[in-house]
Structures are given as structure tokens and as C-alpha cells.
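The values are calculated or read from the model by the stated rules, or taken from the named source; none is laboratory data. Not measured: the values here are computed from a predicted model. Heads up, the Cβs are rebuilt from the backbone with ideal geometry, glycines too, and the neighbour counts pull from every protein chain shown. Calculation scope for accessible area: heavy atoms of the full protein, side chains included, ligands and nucleic acids excluded. Shrake-Rupley method; radii C 1.70, N 1.55, O 1.52, S 1.80 Å.
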Amino acid sequence: ERKISLLTGMACVKSIRKNYAKVFVIDPQINFIDKLRKIKPDIVFNALHGKYGEDGFVQSILEQEKIKYTHSGVLSSSIAINKELSKLIFIEKKILTPKYLIFSNDEKNSILKKINKSKINFPVVIKPISEGSSLGVFICTKKNITKKAKYLKNYNKILIEEYIPGREIQVGMMGKKTLGAIELKPKRKFYDYYAKYSNKAKTEHIMPAPLEKKKI
């Protein structure tokens, strides 16, 4: 997700420079801590996507250096990016979540056999345990599950979920404050990596999302 991180970073720089005098751009891939100590920023705007940026790793460095930063903290980031841990928390807190299985690539049985022995019906969604931006996400039928799973052979664990079709609606949060809901309407089968980041995908962004008020 490096490419997307760089694009996000530059977009944020353009916006922040309208209101603040000094903005420094740091690529954490090279001498990150040395650069931080040289610049001594008041706050770091974390524009990183995926591993290293969203999994609590870079946050732990910033906390060690006693530098304030935007976005979630170490523990919440490390849990949220791990889909297996997140599932366990959803279940414990009685938050609705699709039925799921964990498949390890070193298991003797095939992924198809494991699903057939479970209570999960096709189609299913398969994805890596810890990735962002819909990387490695596939909606699979019984016919193509084995083929699609081969794309994830380099991951230790794969999450298998029952497929539940529906609308793609996201709500931004800042502390306990909601920032509004946005609906994403992809032209593709689902809101995948291409639908998220390519203008050619022509994904519709509708904000505020058209939602009916629920009577309680």
C-alpha cells in the first residue's frame, strides 16, 4: 500500500499548508527516527496505509519519541488490523458479524474441504488476516475457491467469511463524534482495491449517505 500512502500524504500536505506555516514530509522507509529527531515536529499526521502505518508499529515509535500524532493508538491499531482478533471482540461484545473460519496454509486438508465441513455456505469471502485496502480479498464460489486461494498462498492465515451482499457505507469517527456517513457505489463486483483508488473505476461517492431514520 506504499503507493496509496504517498498519494494520501501529498494530498494532506496540500491541505495542511493552507493553514499552517511549516509542513515537513517524511518517508518512514529511510532513517525515520533520525529525521524525526532532526525536525522535532509538534505533531505527526499519519498518512500511512496498511502494515507499519495502520498496525500500531509507527505509532509505537512516535510514542517512544514522545511525539503527538493523529489517528488511532498502538493497541487499537494493532487489534483493528487483525481480522481474527477483531472477530473475537465482535462476538464477545455481541456485534453482528458474518460466520467465519480461519484457514492456515499449512493445513493438510484443502480450503474447499474445510468449508464443506463447516456450516458456512457458498459464496464466501476470503482475505488475509492482516491487510488493508481490500488487498487479497476475493468473493468465491465452490468452483473457483481453490484457484483464488492460490493467490493467498504466501499468507500464513486466511479468513473465510460467509458472503453477505449489501450497501457499502462508511462512517468517520473522531473520538466519540461521528463525522457523517458516506455511501460507496462501485461499478465492479465489490469495493475492491481498484474501485477504491482508480478514477477509471468510476465509483460513486454519495455524502451524506441516503439513510432512513430507524424508529426505536
Over region 75-216, what is the relative contact order in whole percent, taking alpha-carbon pairs under 8 Å and six or more residues apart? 20
Along the charge dipole of region 95-141, which of Leu135, Leu112, Ile95 sits closest to the positive end, that is, farthest toward it, with unit charges on the beta carbon of Lys, Arg, Asp and Glu (+1, +1, -1, -1)? Leu112
On a 1.4 Å probe surface of the protein chains, which of Asp106, Asp34 comes out largest in accessible area, and what is the full order? Asp106, Asp34
Using a Gaussian network for the chain with springs between C-alpha atoms less than 10 Å apart, which of these wobbles most: Ile81, Ile39, Ile89? Ile39
Full-stretch length increase - Lys147, Asp42 - with 0.36 nm per residue and alpha-carbon distance subtracted: 32.9 nm
For region 25-36, in order, what is each residue's ³J(HN,Hα) by Karplus, 6.51 cos²θ - 1.76 cosθ + 1.60 with θ = phi - 60°, in whole Hz (x at glycine and Pro)? 9, 10, 8, x, 6, 10, 6, 4, 5, 4, 5, 4
Within the set Phe24, Phe57, Phe190, GNM on the chain using Cα springs under 10 Å gives the largest fluctuation to Phe24
Across Gly53, Gly132, Gly175, the residue with the highest GNM fluctuation in the chain (Cα network, 10 Å cutoff) is Gly175
Where the accessible area of region 170-216 is counted over protein heavy atoms with a 1.4 Å probe, how much of it, in %, is carbon and sulfur? 56
What is the set of long-range amide H partners of Cys140 at a cut-off below 5 Å, with H atoms built 1.01 Å from backbone N? Val124, Val125, Ile126
Pop a pseudo-label 7 angstrom from the Cα along the beta-carbon direction at both Asp34 and Thr178 and give the gap in nm to one decimal. 4.8
Extent along principal axes [Cα atoms of region 162-204; Å; largest to smallest]: 33, 29, 14
Helix axis angle, 2-16 relative to the chain longest principal axis, alpha carbon, degrees: 40
If the chain between Lys68 and Leu135 were fully extended at 0.36 nm per residue, the gain over the current Cα-Cα distance would be 21.2 nm
Would you mind classifying the chain by shape? Square roots of the alpha carbon gyration tensor eigenvalues, ordered a ≥ b ≥ c; an a/c under 1.5 is rounded, otherwise it is prolate if a/b is larger than b/c and oblate if not. prolate
Spatial separation of Cα centroids for region 138-216 and region 30-56, in angstrom: 28
Principal axis box of region 58-176, alpha-carbon based, largest edge first, Å: 51, 30, 24
Over the chain, with neighbouring protein chains present, the accessible area per residue in Å² at probe 1.4 Å is 72
